[in-house]
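Before any comments, here is the structure.
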Amino acid sequence: MSSGHEAREANAPSVIPFGPQHPVLPEPLHFDLLLQDEKVVGAVPQIGYIHRGLELLVEKRDYADYVHVAERICGICSFMHGMGYCEAVEGLLGVAVPDRARFLRTFWCELERAHSHLMWMGLAADAFGFESLFMATWRARELIIDVAEETAGGRVIFGSAIVGGVSKDPSDETLMRCMEALKPARDDIKKLSRVMLQDATVRHRLEGVGVISKEKAYELGAVGPMLRASGYDFDIRRRGYAAYGEVGFETALETAGDCMARAAIRIKEIEQSFSIMEQVVAKMPAGPVSLPIKGMPPVGECFARLEQPRGEVIYYVKSNGSRNLERFRVRTPTFANVPAMVEAMRGASLADVPTIILTIDPCISCTER
Amino acid sequence: MSSIERSPWLIHYDASSCNGCDIEVLACLTPVYDAERFGCIVTGDPKQADIFLVTGSVNHLNAPILKNIYDQMPEPKAVVAIGACAYSGGVFAECYNVAGGVATTIPVDVYVPGCAAKPESILDGVVRAAMILKEKEKAGRKARALARKEGRRSPKRRAGGAT
Ligand code: SF4
């Protein structure tokens, strides 16, 4: 009936802005969603709201002091950021940290993974309107945070990683007591995961939403739970950095590649983290927790890879032989996951967009630095 | 009318924080710290909010957004700046994309110290902000009554004119 021109007008996708201040997003992230009726046909991310430029700060700070800044790349995986930077610098210096430091690092990494995944579970529940689940997961999370405060000294910014080891040395009894204190949290989490995985409303919101195939996930360079949920076995912890070579764990894998699979992966990993912590505490070697570091890092470059809750992270450092490093660079997991997320959004309905964004567990703060 | 300090609604914006303070703000709202016992509810809508919680420092991209949210909030309103970043930029003060603390863009009523700020101190900040709200409310009412007495039209509620 209408002319070709009008038909094109009517079919043109409408643009819906999403963010930067949005109730489901704790962090500012902006998307221009291109919609055809209710279907998303494209998404254009815009970032830069929390860019601080902290990589350049490495030129102004002493290399050993920069750990404080590295820890604040992101407050959720703060210990891992600090530790990743330390591992890269230790690689430059050519030192191996003492055994007890390696085990304590593993302990804190897993503590952080458990609290990050729980935090994610709460936020995801909040995003699809399940507020009581949100509250219950965060209550369980507080028990983990208490352990962090007791062993490392900080609630979210642990502040215990230093170049050459760790700065805190909780006694074996303290660690044992902490594992005891985590028991109620583990029981709670078991119950909560049943709700998350089996509740009809949750399944309705998550199953079959935002599917990414194994090939696509690999092609787009997804990492972490995003990749493992599509059935691709990839976990940097398998390389055995810190003490991961000396503990047993199985990589969590799912094959469906949808939001539900990503949720299931994270829930499995929470339990896995507790089991790794248990093994670490049982095998904790005695001895010093740090090496005295003297002198400047030699001219050269080095990089370290870790598995963060959101996936593989890469730290690169370059030294010119002075107190200040010449270059520091981080490739964060969320950055690697954004192409896959945009792909997952294509064809989804507008109401599913918050759920899809949340199931990649975006960390904007570390992506923009 | 004086019930405002007993049911302040909160809005939270992450300016450019590292997430550390953000998580702690969220932790305040959940069962262990439970800001709701002070009558607080978090809202995503600036037009219904009384207390503005800001974490992180200001840069050129997020300053207009911060200002925009602040301007949309009705009077009386209070701003709580959380963490070292919101005060001065904190560890990032020397970074090239950090313009400074929240006070460079909007007036701040309460500063919460810490990096990361602890939930206890954030709660304390919120309670103080509620008290400030009450004061502001009283002052606003007095000004309007005075204006009426003098037979003038009551002064318009100014946007962004808090002390
Ligand atoms: S004050 Fe510290 S913890 Fe809080 S946002 Fe800034 S750097 Fe992060």
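The values are calculated or read from the model by the stated rules, or taken from the named source; none is laboratory data. Bear in mind that the values here come from a model prediction, so they are computed numbers and not experimental data. When we count neighbours, we look across all protein chains shown, and the Cβ atoms used for this are built from the backbone with ideal geometry, even at glycine. The accessibility values were calculated without ligands, DNA or RNA, using every heavy atom of the protein model including side chains. Shrake-Rupley method; radii C 1.70, N 1.55, O 1.52, S 1.80 Å.
List of remarks:
- Of all the criteria given as (1) touching a residue at least 24 places away in the same chain (Cβ under 8 Å); (2) more than 14 Å from chain B (Cβ to nearest Cβ); (3) over 18 Å from A:T151 (Cβ atoms), the one not satisfied by A:A96 is (1).
- Complete set of residues in segment B:8-28 that are open to solvent by less than 10 Å² (accessible area, probe 1.4 Å) and either small (G, A, S) or more than 7 Å from every other protein chain (Cβ to nearest Cβ) (or both): B:P8, B:L10, B:I11, B:A15, B:S16, B:S17, B:G20, B:V25, B:A27, B:C28
- Just so you know, in segment B:117-132 the residues that are within 15 Å of the ligand (Cβ to nearest atom) and under 16 Å from B:Y13 (Cα atoms) include one that is nearest to the other protein chains (Cβ to nearest Cβ), and it is B:A117.
- Residues considered: A:A124, A:A140, A:A181. Of these, the only one that is closer than 30 Å to B:S17 by Cβ, in contact with an Asp or Glu (Cβ under 9 Å, 6 or more places away or on another chain) and free of Cβ contacts under 8 Å to residues at least 40 places away in the same chain is A:A181.
- Against the list (1) at pLDDT 85 or above; (2) within 16 Å of the ligand (Cβ to nearest atom); (3) within 12 Å of chain B (Cβ to nearest Cβ), the condition A:R139 fails is (2).
- Of the numbered criteria (1) open to solvent by 10 Å² or more (accessible area, probe 1.4 Å); (2) more than 10 Å from chain B (Cβ to nearest Cβ); (3) among the small types (G, A, S); (4) farther than 22 Å from B:G83 by Cβ, the one A:G153 fails is (4).
- Output for segment B:61-107, where each listed residue is within 12 Å of the chain's Cα centre (by Cα), crowded, with 19+ Cβ neighbours inside 10 Å and without any contact (Cβ under 8 Å) to a residue 40 or more places away in the chain: B:A81
- Being more than 16 Å from the ligand (Cβ to nearest atom) and within 14 Å of chain B (Cβ to nearest Cβ) is a property that A:A185 has.
- Single match in B:A78, B:A49, B:A103, B:A35 (criterion: more than 24 Å from A:S365 (Cα to Cα) and more than 13 Å from chain A (Cβ to nearest Cβ)): B:A78
- Filtered by the rule that a residue be within 14 Å of chain B (Cβ to nearest Cβ) and at pLDDT 65 or above, segment A:1-44 gives A:P17, A:F18, A:G19, A:P20, A:Q21, A:H22, A:L25, A:P26, A:E27, A:P28, A:L29, A:H30.
- For the condition at pLDDT 85 or above, open to solvent by less than 20 Å² (accessible area, probe 1.4 Å) and of a type in the set (K, R), A:R177 does not qualify.
- Long-range neighbours under 7 Å by Cβ, at least six apart or interchain, first residue farther than 22 Å from A:A340 by Cα within segment A:45-67, second part of a loop (DSSP other than H, G, I, E, B) and aromatic (F, W, Y): A:G53/B:Y96; A:L56/B:Y96
- Every test in (1) open to solvent by 10 Å² or more (accessible area, probe 1.4 Å); (2) within 16 Å of B:A15 (Cβ to Cβ); (3) away from the ligand (no atom under 12 Å from the Cβ) is passed by B:I41 save one, and that test is (2).
- Residues that are more than 24 Å from the chain's Cα centre (by Cα) and open to solvent by less than 80 Å² (accessible area, probe 1.4 Å) were ranked within segment A:36-63; the one that is farthest from B:A15 (Cα to Cα) is A:Q36.
- Output for segment B:68-86, where each listed residue is in contact with a Gly (Cβ under 8 Å, 6 or more places away or on another chain) and either assigned to a helix (DSSP H, G or I) or away from the ligand (no atom under 16 Å from the Cβ) (or both): B:Y70, B:D71, B:E75, B:P76, B:G83, B:A84, B:C85, B:A86
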